[in-house]
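Undergrad: Let me give you the structure first, and then I'll get to my questions.
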């Protein structure tokens, strides 16, 4: 219920923003047009935001024959989590990462990169997929997909406002309530900040919750610990061609070390996530072999690519 409320708030904020830009660009008439535009975008975001993100990364649905190991892992995890079997997509990208999307558990998708499947062993793949199924179980996927769509739309509208101000497309301050050139320039500056705030609204606590729940689904936190260590080792070495508006959807920030957007990451530090997973252990509390093995295998894999 909490995430449904957040999704409603995000859609309301997006509507208000589009209407405001329309009023600045075209006065009352522009505001009315923008209102209809916002209604259409809200409908589109709710029903198709997941598909938009998948298409953005050229993700392709795979069959059990193509990826039998992944299907076997997901099927077992879905049963343990009490979830319907999600669709599985593979992203043609060497940088290791993963995300889940869809408007509800019945229409959920888990997407992994080719690099993740090449880099991780079975236990680590299971840990990553369990984390993504936890997002589905916690119903994080709808709000994450909507936030990605809206953040991208806000950035696009900000660009339109900026070019409109440059080429004199805005109405004067006293023309039907238009905001004028100054108003559009201010809006074009504020809009990217608003897009980042929308991403920040996706609480970091959801990653901790998904880590803990995923460890429970997998029955062992070592796989996810090792996977996070590898992902951390690769975050700056093998950058991903990711859209900043979708960064919050991935299991680790794909922009790490490459963009100012990483400073506003919705992800908590990997070290803290690994530490918390370590706290879940009981008899294996002092066994850090999963983390150490992950770091060592990541280094070996990277050295192999470098040769």
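Undergrad: Exactly one condition in (1) under 24 Å from the mean Cα position of the chain (by Cα); (2) modelled with pLDDT under 50 is false for residue 284; which is it?
TA: For residue 284, the exception is condition (1).
Undergrad: Taking only the range 52-61 into account, find how many residues are touching a strand residue (DSSP E or B) at 6+ places or on another chain (Cβ under 9 Å) and surrounded by fewer than 16 Cβ atoms within 10 Å (Cβ to Cβ).
TA: The qualifying residues number 3.
Undergrad: Just to be sure before I move on: is residue 55 at pLDDT 75 or above, over 23 Å from the mean Cα position of the chain (by Cα) and either in a helix (DSSP H, G or I) or not assigned by TED's automatic domain parsing to the domain that holds residue 125 (or both) in the structure I sent?
TA: The answer is no for residue 55.
Undergrad: If you don't mind, there's one more thing I want to ask. Looking for whichever is at pLDDT 80 or above and over 30 Å from residue 75 (Cβ atoms) here; the options are 269, 221, 244. Which one fits?
TA: Only one candidate passes the filter, namely 269.
Undergrad: Looking at (1) crowded, with 17+ Cβ neighbours inside 10 Å; (2) closer than 24 Å to residue 267 by Cα; (3) at pLDDT 95 or above, which is the one condition that is false for residue 155?
TA: (3)
Let's see how each residue does on (1) under 16 Å from residue 250 (Cβ atoms); (2) at pLDDT 95 or above:
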residue: 79; (1), (2): no, yes
residue: 84; (1), (2): no, yes
residue: 116; (1), (2): yes, yes
residue: 129; (1), (2): yes, yes
residue: 140; (1), (2): yes, no
residue: 151; (1), (2): yes, no
residue: 160; (1), (2): no, no
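Undergrad: Can you tell me which residue among 84, 68, 105, 92 is touching a helix residue (DSSP H, G or I) at 6+ places or on another chain (Cβ under 8 Å) and farther than 30 Å from residue 5 by Cα?
TA: 92 is the lone residue from the list that is touching a helix residue (DSSP H, G or I) at 6+ places or on another chain (Cβ under 8 Å) and farther than 30 Å from residue 5 by Cα.
The values are calculated or read from the model by the stated rules, or taken from the named source; none is laboratory data. All values derive from a computational prediction rather than experimental measurement. All Cβ positions, even for glycine, are placed from backbone atoms using ideal geometry, and neighbour counts span all protein chains on display.
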